[in-house]
Amino acid sequence: MKVASSVQKLRKKQQRQGRRKGDLAPNPEMWKALDNGELLGRILNEFYALVFDDPKLAPFFENSSKQRARDKVYLFMKAIFTGEKCYFGERPRNAHNWMIISDDLFDYRSRLLEKVLRSNGLSEILIQQWLAVDEVYRKQIVKTKPIAKKVDGIEIPVEGYQTDIIESGTVCDDCENEIEAGSRVSYHLRTGKTFCQKCSPEK
């Protein structure tokens, strides 16, 4: 009975996760306006070109490349707008856990994004819908000091490296090769950079 109950709870949890509502619900109109991802790619290329040249925002990306940042956000936004399971990276809380970001800086970044969205011809209602998606994650990103990551509800330290078996596939932040689910990885506790066994700093 207990085993059956656990399975039922897991299925219900998966069903809830598959029925996103509100601002995070799939948005077919948005995806169509983004030309099935073609325009999304151009928007993110333009946006991150500005971000990497911006003195307020560039310091948060000193260990990343424009292409890497763009690709992660592309898949993240595609997953939201289409409802497809295509993003396997960290959720915003863990991905930004070490970043000290104020409400003013969050707003500054939002205004920059809004400018890019508008210059690429998105309608006003779609612009507001996109910004509403970002706003959902404000409380996970804005903070006055680094926070510990949470993995399966357990907090882990913000410095050093840790090894683990990943449940979802991802890519190595060094060689950029795919890491399959069930593989052992090493990741930096503050920045969240994830490494395959070949690239692990701890080997």
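Where a number appears in this text, it was derived from the coordinates with a stated rule and is not lab data. What you see is a predicted model, and the numbers here were worked out from it, not measured in a lab. No Cβ is skipped: glycine too gets one built from the backbone with ideal geometry, and neighbour counts run over all protein chains shown.
In table form, for the structure just shown:
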{"quantity": "Under Karplus coefficients 6.51, -1.76 and 1.60, residue-wise ³J(HN,Hα) of region 169-175 in Hz, glycine/proline x", "calculated": "x, 8, 10, 6, 7, 9, 7"}
{"quantity": "Neighbour-count order for 173, 53, fewest beta carbons within 10 angstrom listed first", "calculated": "53, 173"}
{"quantity": "Neighbour-count ranking [beta-carbon atoms within 10 angstrom, fewest first] of 74, 108", "calculated": "108, 74"}
{"quantity": "Inter-site label distance for residue 62 and residue 107 at 7 Å from Cα along Cβ, in nm", "calculated": "2.7"}
{"quantity": "Karplus (6.51, -1.76, 1.60) ³J(HN,Hα), θ = phi - 60°, over region 38-43, in Hz, Gly and Pro reported as x", "calculated": "4, 6, 4, x, 5, 4"}
{"quantity": "Phi to ³J(HN,Hα) by Karplus 6.51 cos²θ - 1.76 cosθ + 1.60 over region 68-74, Hz, x for Gly, Pro", "calculated": "5, 5, 4, 5, 5, 5, 4"}
{"quantity": "Cα-based Kirkwood hydrodynamic radius, region 14-115, one decimal, Å", "calculated": "14.9"}
